[in-house]
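Any read-out appearing in this document is the output of simple, stated calculations on the displayed coordinates, not a laboratory observation. Not measured: the values here are computed from a predicted model. Ideal geometry is used to build each Cβ from the backbone, glycine not excepted, and the neighbour counts take in all protein chains shown.
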Amino acid sequence: MAKQIFEGIKVADFAWVGVGVQPSRELAEHGATVVRVECHKYPDSLRTIPPFKDWLPGIDRGAFGAAYNTNKYGISLDLNTPKGQEVAKRLVAWADIVTDGMTPGTMAKWGLEYESCKKIKPDIIYYSTCQMGQKGPLYKFGGFGMVGTAYAGYCYLLGWPDKDPLSLFNNYSDFVAPWYLTCAVIVALLHRRKTGEGMYLDQSQVETGVTFLAPVMLDYIVNGRIANRMGNRDPYMAPHGVYPCLGDDRWVAIAVSSEDEWDDFCCVIGDPEWTKDPRFATFLGRKENDGELDRLIGEWTKDFTAEQIMTMLQDAGVPAGVVEAAEDLFNDPQLKHREHFRFLEHKVIGRHAYNAPAYRLSKTPNHIWKAGPCLGEDNEYVYKEILGYTDDEIADMLIEGVITTETDAPAGF
Amino acid sequence: MAEQILLGGYRVLDLTDEKGLLCGKLLGDFGADVIKIEPPGGDPARNIGPFYKDIPHPEKSLFWFFTNLNKRGITLDIETPDGKQTFKRLVETADFVIESFEPGYMASLGLGYEELEKINPRIIMTSITPFGQTGPYAYYKTTDIVGVAMGGMVRIFGDAGMPPNRISAPQFYFQGGIHGAVGSLVAHYHRELTGEGQHVDVSCQQAVVLSLMIAAEFWDLLKVNYKGLGPGIGLSGIYFSRWIFRCKDGYVFIMWGGGATTAFRVTSEQITAMANRDGMMLDFKDFPFVEFDLSKIIFDDEIKKTVDRFVQGLSEFFLTKTKQELFEEALEKSIVLVPLNDARGVLESPQLAARGFWEKVEHPELGEAITYPGFPVKMGDIPYRVQQRAPLIGEHNEDIYVKELGFSKEKLVLLKTRGVI
């Protein structure tokens, strides 16, 4: 196989949970050697949250932790022991990049914050990512993407205008933040190549979330308007929404964005009388009467499957798409064509799905080959081959509990 | 960011519309020289609202303002022979070309990657489209809601018994844009090492799938379709508990729970103690949260009753407090609770202000400076600076065509009369 883009780049991956581990995964999927440091005594919370294989909790049974750590080597190490910290520093000395996704102050407790790492490796690139950023009055706030997303303004914009806001199950800002950080770390690698200098990167996940709401923020800053949640309506389109279809809880999204599309839409639904009603003959009319418009369209959609409606409208050039549930994604012919889901053999879970990146490179495609590691799965390789410890030293560390092997942490939430 | 550092000195030609504008903006944030190329008369994305002071005008779109920060702007009709030739000359000077046309459009003009590579083998061409360059949906039309629906992000939001929901602020093309930036930079790193350019083919749909957290994994392992369950958290169609509550002056979001997730357990214990202090929720005093597992609600009716009682208690307690009161004490006691902010709350956050997140950008033609969201990653001691507000239509035509490419002013007039620029 051709040389991978980041081959030779070494990452000491101390990050955990959702954000900090994704940029390092991105590098690993293009050839970087990433060693992920975890501990049985304080397992990553992604290892204690479902989905578990067969619903049975277990630190190596969850797809959550595995999915974010493709192509990485996993070791177990207790950073709360002096020897554990010494080992971690040897890993830092080996690395080009150190990752930190802890609550601010945690890495310093172990002597692994940027300043210390820089002493060990003067040109180290080091990223820290947390909800609020490393400094400021709220820096200590230790949270998760769900609250960060609420703080950044997303929850307020999800749901119906006359009802309570809704939660974003996916911790949405956790899926904006990693990509900013991936860009930043690549830029920092090239900066080091040019200048010989390392760099410290400090990310606020709340801020990354706010950038994806920039139009809403500017509307408030400039016009004083506080945007509200509006169900599935859009300020600039009608019809616009998700409509009920044949089947159990099945829906199709339809958005008509121009007069031509409206004409084509009417043609597909058979030019019923109501489309000539003065209330719907003009865009302003449709906007004003969007409630009744949605009801009438729902009357038409309910007799077809979501797939049928998508095909009929798309064939006429009107934007429409199945509201895909997870099951649909696995059957989606386009995602299949793009080989989005890649299946890898995990030591405990067995064969299961991993995501490919959203971009394809024409000359240097990524290579996804290793399932997310079980906790400590690669101890032997990393401690011996990468860090150069002898069998005796490793045995001692096992006996002393520096290399951890067992957990008594409960699962669930 | 200052010249010649980070991406300073690298040039980006940005042909995108709303589907890809964010990608070039991000490269510009790192200091690249981004030239937005618009069709004569201006890009259609200039018609996207909201607008400055609600004046619908192509020079006043706030969407445009944000997504074109740190870009210069020229006009060029790349469909005309003169336009094509001019574009090719620009490609010789460029490091990246970003486009978001329908697949095949650039090739139909003779400007596909194969052609551009001949002009400049180092060029990276990034194509950002809803579904990627090939495949059965490659020519499907999208808007935000259609895109996020097909990426799975509508199904996981909403309330039981109601239609699924999209976020009332577009995300589909922003996701495509940022993954476009990642792909472009991965390719850029390779080029810096080897001199080899390549084509980066981005699917906005896949970008959205990557944002679903573990929805896909739930199906893969357990054959469960995650569906939106209102103001809280749940699984498998079963609602675990409410995490969003009304308080005296708005809403708060609290992640309470028990069992293994220490932060959730501590939150439950500490919020109970706060309520107990006011004589509320006394039935949860000394409750063994450590043995409590919300997710067991699926199997255990007793847990459901306990959850209902706890939620009822929280609902009553929060109504006696303001967001700020709750948040201040939450910070002190490691309670995972935040105010559920609207746009005003975000702008007034003391944290964002203290980090210097907001950037004031001068708009001389409007006679004022506008505050923008800044850059969310601090890059060592290199300050983030907005070098350039979004360009006016054709604002840098003279800079690029006359000063750089050496066109005479007469030639510029000729191109203008033919509608090339």
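A compact table of results
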item	result
Span-like helix ranges in chain B, DSSP H, alpha carbon extent 24 angstrom or more, Kyte mean at least -0.5	B:172-194, B:301-318
Of all DSSP beta bridges in the protein assembly as shown, antiparallel share, percent nearest 5	50
Shielding by other protein chains, A:224-236, mean Cβ within 10 Å	5
Counting DSSP beta bridges with both ends in chain A, the antiparallel % (nearest 5)	45
Label-point gap, in nm, between A:Y42 and B:M162 - each point 7 angstrom along Cα→Cβ	3.9
Burial ordering of B:L366, A:L361, fewest other beta-carbon atoms within 10 Å first	B:L366, A:L361
Neighbourhood charge, 13 Å Cβ-Cβ cut-off, centred on A:V322 and excluding it, Lys, Arg +1 and Asp, Glu -1	-4
Computed over chain B, Cα set: Rg, Dmax in Å	26.0, 85
Fluctuation leader among B:R89, B:R355, B:R155 - chain B, Gaussian network, Cα springs under 10 angstrom	B:R355
Zero-based 5 Å bins, Cα pair distances in region B:349-421, whole percents	3, 12, 17, 14, 11, 12, 11, 8, 6, 4, 1
Translational diffusion coefficient (Stokes-Einstein; Kirkwood radius from C-alpha pairs) of the protein assembly as shown at 25 °C, 0.890 mPa s, in µm²/s	89
Magnitude of the charge dipole, chain A, Cβ model with Lys/Arg +1 and Asp/Glu -1, debye to 20	1380
Theoretical gain in end-to-end length, A:D264 to A:A395 [0.36 nm per residue, Cα-Cα removed]	39.9 nm
D (Stokes-Einstein, µm²/s), Kirkwood Cα radius, region B:99-180, 1.567 mPa s at 4 °C	88
Dipole of chain A, positive end: most advanced residue of A:M230, A:H240, A:P272 [Cβ charges, Cα centre]	A:M230
Most mobile listed residue (A:G291, A:G143, A:G58) in chain A, GNM with C-alpha springs under 10 Å	A:G291
Inverse mean reciprocal Cα-Cα distance (Kirkwood Rh) of chain A, Å	24.2
Förster radius 45 Å - calculated FRET efficiency between A:R225 and B:E114, Cβ distance, rounded to 0.05	0.45
Estimated 222 nm signal from helices in chain A, with DSSP H stretches of n ≥ 4 weighted -39500 (n - 2.57), rounded to 500	-9500 deg cm²/dmol
Charge tally in the Cβ shell below 12 Å around A:K336, where Lys, Arg are +1 and Asp, Glu are -1, A:K336 excluded	-1
Pair A:E299, B:A107: separation of 7 Å Cα→Cβ label points (nm)	4.6
Above-threshold pairs, the threshold being 28 Å between Cα atoms, out of A:K41/B:K321; B:K141/B:K416; A:K119/B:K25; B:K25/B:K378; B:K88/B:K403; A:K140/B:K60	A:K41/B:K321; B:K141/B:K416; A:K119/B:K25; A:K140/B:K60
A:K194-B:K411 FRET efficiency (beta carbon distance; Förster radius 41 Å; 0.05 resolution)	0.65
Candidates per chymotrypsin sites (Phe, Trp or Tyr not before Pro) in region B:85-179, loop by DSSP, up to 15 other Cβ within 10 Å	B:Y139
Average beta carbon contacts from partner chains per residue of A:51-63, 10 Å cutoff	3
Approximate spin-label separation B:T320-A:E7, in nm, with each point projected 7 Å along Cα-to-Cβ	6.6
Peptide B:17-30, shielding by other chains (average Cβ, 10 Å cutoff)	2
Cβ-based charge dipole, chain B, positive-most Cα from B:L415, B:G197, B:V386	B:L415
Chain B - charge dipole about Cα centre, Lys and Arg +1 at Cβ, Asp and Glu -1, debye rounded to 20	320
Charge sum, other residues only, whose C-beta stays under 10 Å from B:A343's C-beta, Lys/Arg counted +1 and Asp/Glu -1	-1
Magnitude of the charge dipole, region A:240-323, Cβ model with Lys/Arg +1 and Asp/Glu -1, debye to 20	180
Listed residues B:E325, B:E398, B:E362, most fluctuating in chain B (Gaussian network, C-alpha, under 10 Å)	B:E325
Volume per residue of the C-alpha convex hull in region B:287-370, rounded to whole Å³	164
Förster-model FRET efficiency, 25 Å R0, A:V348 and A:D248, C-beta, rounded to 0.05	0.15
